[in-house]
Amino acid sequence: MNDTVEAKHSGIGIASFGISIAVGFLMVVVLFTAAILSAHRVQGSPTYPGQTVVGLTAIFLMAADVLAVGLGIAAVCQTGKKRLFGILGLVFSGGTIMGTIALIIIGLLYASRFTR
């Protein structure tokens, strides 16, 4: 008889991967929505309709991505389970967080050119 038991994928890792994929997709949708709303801004107005909703949604998605990072770390630290989905969740959620922060910094630098 063969007594070797194949390791299963970590449920926490699968959750991290799923959350990171969903957040990445929704973040792209939010950014496109923000771009469309900004393009329809009234001339001379410093804000656009829905700006608060877009900002709060982005903050909520970033918090969900931080959760995905935590789950990914927990999945990688588990023993006796496959770590593939935990690693993928870490990579994707980390990439989404870094990309969003980079876009925020670029936007702030761009906006600061016009306030002088």
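The values are calculated or read from the model by the stated rules, or taken from the named source; none is laboratory data. None of the values given here were measured: they were computed from a predicted structure. Heads up, the Cβs are rebuilt from the backbone with ideal geometry, glycines too, and the neighbour counts pull from every protein chain shown.
Cβ separations smaller than 8 Å between residues 6+ apart or across chains give the following pairs from region 33-57 residues that are over 22 Å from Ile97 (Cα atoms) to residues that are assigned to a loop (DSSP other than H, G, I, E, B) and charged (D, E, K, R): Thr47/Arg41; Tyr48/Arg41.
Given the options Gly44, Gly94, Gly55, name the one that is outside any helix (DSSP H, G or I) and either at pLDDT 90 or above or of a type outside the set (A, V, I, L, M, F, W, C) (or both).
Result of the check over Gly44, Gly94, Gly55: Gly44.
Quick check on region 68-116: of everything there that is among the hydroxyl-bearing types (Ser, Thr, Tyr) and under 13 Å from the mean Cα position of the chain (by Cα), which residue is surrounded by the most Cβ atoms within 10 Å (Cβ to Cβ)? The qualifying residue surrounded by the most Cβ atoms within 10 Å (Cβ to Cβ) is Ser93.
Of everything in region 3-18 that's exposed (fewer than 12 other Cβ atoms within 10 Å of the Cβ) and free of Cβ contacts under 8 Å to residues at least 24 places away in the same chain, which residue is farthest from Gly95 (Cα to Cα)? Among residues in region 3-18 that are exposed (fewer than 12 other Cβ atoms within 10 Å of the Cβ) and free of Cβ contacts under 8 Å to residues at least 24 places away in the same chain, the one farthest from Gly95 (Cα to Cα) is Asp3. Per the conditions (1) loosely packed, with under 15 Cβ neighbours inside 10 Å; (2) on the phi > 0 side of the Ramachandran plot, the sole criterion not satisfied by Gly50 is (1). How many residues does region 19-42 contain that are farther than 18 Å from Ile106 by Cβ, surrounded by fewer than 16 Cβ atoms within 10 Å (Cβ to Cβ) and within 11 Å of the chain's Cα centre (by Cα)? Matching residues across region 19-42 total 2.
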